[in-house]
There are 2 protein chains.
Amino acid sequence: MKDIALNIPTYDDMLAAHARIAPHIHRTPVLTSSFLNELTGAQLFFKCENFQKAGAFKVRGASNAVFGLTDAEAARGVCTHSSGNHALSLSYAAGRRGIPCNVVMPRTAPQAKKDAVRGYGGIITECEPSTSSRETVFAEVQAATGGDFVHPYNDPRVIAGQGTCSREFMEQTDGLDMVLAPIGGGGMISGTCLTLSTLAPEVEVIAAEPEQADDAYRSFKAGHIIADDAPETVADGLKVPLKDLTWHFVSTHVSDILTASEEEIIEAMKLIWKRMKIVMEPSSAVPLATILKNRDRFAGKRVGLIITGGNVDLDRLPWTQGA
Amino acid sequence: MKDIALNIPTYDDMLAAHARIAPHIHRTPVLTSSFLNELTGAQLFFKCENFQKAGAFKVRGASNAVFGLTDAEAARGVCTHSSGNHALSLSYAAGRRGIPCNVVMPRTAPQAKKDAVRGYGGIITECEPSTSSRETVFAEVQAATGGDFVHPYNDPRVIAGQGTCSREFMEQTDGLDMVLAPIGGGGMISGTCLTLSTLAPEVEVIAAEPEQADDAYRSFKAGHIIADDAPETVADGLKVPLKDLTWHFVSTHVSDILTASEEEIIEAMKLIWKRMKIVMEPSSAVPLATILKNRDRFAGKRVGLIITGGNVDLDRLPWTQGA
């Protein structure tokens, strides 16, 4: 039953999302590594959303929002503000449907990200790198276009879309004891909770967060949302705070939040690149980093890790910075 | 029928090799990229030996040699000289069989490579970085241990082992017009010719080589082996010359050899990392580099590319050097 006040997505919304987006996304592979199994004493399964369309899981939620619009709604296009994977993903999905996608991005965003958004057909309006400028500019863009606002994570359509990842994950593995995913705004973790609480309620959902952007960890302990102003972390996808919808899932379904230092995140990232031969973002390394520092908790368990994305600037890898 | 003089491996040797090594290797996946298909106008299939055990296709040939030994032969172990993937692969295979593996490596070889060989249980004897020192030291090691010498590529067991890769490749794709692989000593190309000349003789085999180490290209044009002294290229797996066994396959079965510049190789490597999200070596990028500069030749074709390995020094990527 939906909570009308919050418009919380249901398991059926997730199933509908999966049917809707299947033609537009990859069913990404699950990889394993005997080296990392030995190192951790656990049996690890990596759901590789770095191989996803547009390079990240975000395309699931974005596609669900875009392809769920009526033709009349779709004609006005979609819009959002994001300097990251959501901007890419929404542009990709809108391009597939052939509708306009307006993205407000700070003028200081990396040129590579802007190029990628334009490569997918997104229309960029630049703002100053401040919350007030972003909000003003975004209001103008939305008013001018009438486009549907697709929030990067605090949107039931987006959460239902992200939940499709865990459904595939369960189909691709022979049972898991727990699933770990990184947490920023909480869209992926919320989708994971949404799906697993019905499909496999015995599976623990654990969120992994950078110590330097541990607002979800502190919110979890305090029992209410704590939002930081401008956290700094190498895991640049995880700087945003929880919002009411994602807090609902975190506070009711997540069994724990573990944190890792910047050094631990970079070490885990390099380990995955080196041993698994895959390119993934710093954010995606946080779950393995928390396993490596809490070995006893995971030893002997079947542990799923969601590799959330692979859009990294190859010219600026964390371990070559300043080298 | 075997050519006794040269001891040329046969298709049946390849089939026997595949049965022998199957428990010890991965059946590596074949990946595709809609972006690279659009960019090249061809339909590309990437056989990802970067995901192979020990990080490279070399483990196929090394495992075939190691597991083909009688118990009496195996008791004396194996030995080789190599500072690259063959050293890793032979150490891995010997470790799986529980027999000693002695490797002669130049003392100037990267510490990471030495650590990796030791990690698989290989025993390293260092030599000076010269051919004469390597030969002297290797003769001493072989005499002292009585171990079976497994040459990195000029060995029928090794070539038969490498041929198993193309057999899987054909099973995993719905027919190919051509297969491209990088060429250094010619082990992978020879195995590819061995397998495809019987299994799918309609498939063209094309070798891809760095311009700066184009001895195979010049040998192919001249009709006899030309060996360079010490070529320098970022594709460090491809510096070694052809030998009699590999020349046999190159001169009789390869339809062409294409070359690419250092810049083109690095660009192709970065493109694969960025768009396919996989970690692979510079050597593995040479086939795509040659396709990008010869688009007309490949447009509309179904083209297989062998990604030969993924053992790259993450601290010294070609595009971050001197940055």
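Each value in this text was obtained by applying a stated rule to the coordinates, not by laboratory testing. All figures in this text were calculated on a predicted structure; none of them were measured in a lab. Backbone-built Cβ (ideal geometry, glycine too); neighbour counts: all protein chains shown.
Within chain A, which is the longest segment containing none of the GluC sites (Glu not before Pro) that sit in a DSSP loop and have at most 13 other Cβ atoms within 10 Å?
A:1-201
Can you give the average number of partner chain beta-carbon atoms within 10 Å of each beta-carbon in peptide A:269-281, as a whole number?
Taking the mean over all residues of the peptide, I get 5.
Can you tell me the 0 to 90 degree angle between the C-alpha axis of helix A:282-292 and the longest principal axis of chain A, rounded to 10?
Once rounded, one gets 20 degrees.
What are the lysines whose alpha-carbon lies under 18 Å from the alpha-carbon of B:Lys274, with same-chain residues fewer than 8 places away excluded?
A:Lys53, A:Lys58, A:Lys113, A:Lys114, A:Lys270, A:Lys274, A:Lys277, B:Lys47
Could you work out how far the C-alpha centroid of region B:257-277 sits from that of region B:173-239, in angstrom?
17 Å
What is the set of long-range amide H partners of B:Asn311 at a cut-off below 5 Å, with H atoms built 1.01 Å from backbone N?
For B:Asn311, the qualifying residues are B:Glu281.
Run the simple label-point estimate for B:Phe35 and B:Asn294 please: 7 Å along Cα→C-beta, distance reported in nm.
Here the modelled spin labels are 2.5 nm apart.
Given a Förster radius of 51 Å and the C-beta distance between A:Arg275 and B:Ala72 as r, what FRET efficiency does 1/(1 + (r/R0)^6) yield to the nearest 0.05?
0.90
Under 14 Å from a point 7 Å along the Cα-to-Cβ line of A:Thr198: which residues of region A:20-57 have their amide N that close?
Taking a point 7 Å out along Cα→Cβ of A:Thr198, the residues of region A:20-57 whose backbone N falls under 14 Å are A:20.
Pulled fully out, how much extra length does the chain show between A:His26 and A:Lys301, if you take 0.36 nm times their separation in residues and subtract their Cα-Cα distance?
96.2 nm
For A:Asp313 paired with A:Asp174, estimate the spin-label separation in nm (one decimal), with each label point 7 Å from Cα along the Cα-to-Cβ line.
Placing both labels 7 Å along Cα→Cβ, they lie 4.4 nm apart.
Once the Cβ-Cβ distance between A:Ser251 and A:Gln111 is put in as r, and R0 is 41 Å, what FRET efficiency do you end up with, to the nearest 0.05?
Once the sixth-power term is evaluated, E becomes 0.60.
Take B:Thr192, B:Thr173, A:Thr290 and order them by how many other Cβ atoms sit within 10 Å, fewest up front.
Final ranking by Cβ density, sparse to dense: B:Thr173, A:Thr290, B:Thr192.
Based only on other Cβ atoms within 10 Å, what is the fewest-to-most ordering of A:Leu288, B:Leu292, A:Leu180, A:Leu36?
B:Leu292, A:Leu36, A:Leu180, A:Leu288
Can you list residues from other chains, or at least 5 along the same chain, whose modelled amide H is less than 5 Å from the amide H of A:Glu204?
Here the answer is A:Met178, A:Val179, since their amide H atoms fall under 5 Å of that of A:Glu204.
Roughly how far apart, in whole Å, are the Cα centres of region B:105-139 and region A:47-119?
First find each Cα centre; the distance between them is then 51 Å.
Could you line up B:His224, A:His151 from fewest to most neighbouring Cβ atoms inside 10 Å?
B:His224, A:His151
Does anyone have the angle between helix A:58-67 and the longest principal axis of chain A? Alpha-carbon axes, 0 to 90°, nearest 10?
With both axes taken from Cα atoms, the answer is about 40 degrees.
What is the percent of Cα-Cα separations in chain B that go past 24 Å?
Value for chain B (Cα pairs over 24 Å): 50 percent.
Contact order normalised by length for region B:59-149, with contacts defined as Cα pairs under 8 Å and 6 or more residues apart; what percent is it?
32 percent
Quick one: which residues, 5+ away or cross-chain, put their amide H under 5 Å from the amide H of B:Asp256? H built at 1.01 Å from N.
The list, which skips near neighbours in sequence, is B:Ala207.
Spin-label point model (7 Å from Cα, Cβ direction): what's the A:Asp229 to B:Lys221 distance in nm?
Once both label points are built, they end up 6.6 nm from each other.
To the nearest 10 degrees, how steep is helix B:244-253 against the longest Cα principal axis of chain B, on a 0 to 90 scale?
Between helix and principal axis, roughly 20 degrees.
How big is D for region B:49-168, in µm² s⁻¹ as a whole number, if Stokes-Einstein is applied with the Kirkwood radius of its Cα pairs at 20 °C and 1.002 mPa s?
Reported coefficient: 153 µm²/s.
Calculate one ³J(HN,Hα) per residue across region B:108-122 by plugging θ = phi - 60° into the Karplus curve 6.51 cos²θ - 1.76 cosθ + 1.60, and present them in order as whole Hz with x for glycine and proline.
Taking θ as phi minus 60°, the curve returns 8, 4, x, 4, 4, 5, 4, 4, 5, 4, 5, x, 8, x, x Hz for region B:108-122.
Could you work out, residue by residue across B:311-319, how many beta carbons of other chains sit within 10 Å of that residue's beta carbon, and then give the average as an integer?
Across the residues of B:311-319, the mean count of other-chain Cβ atoms within 10 Å is 3.
Out of all DSSP beta bridges in chain B, what portion is antiparallel? Express it as a percent rounded to 5.
Within chain B, antiparallel bridges account for around 10 percent of the total.
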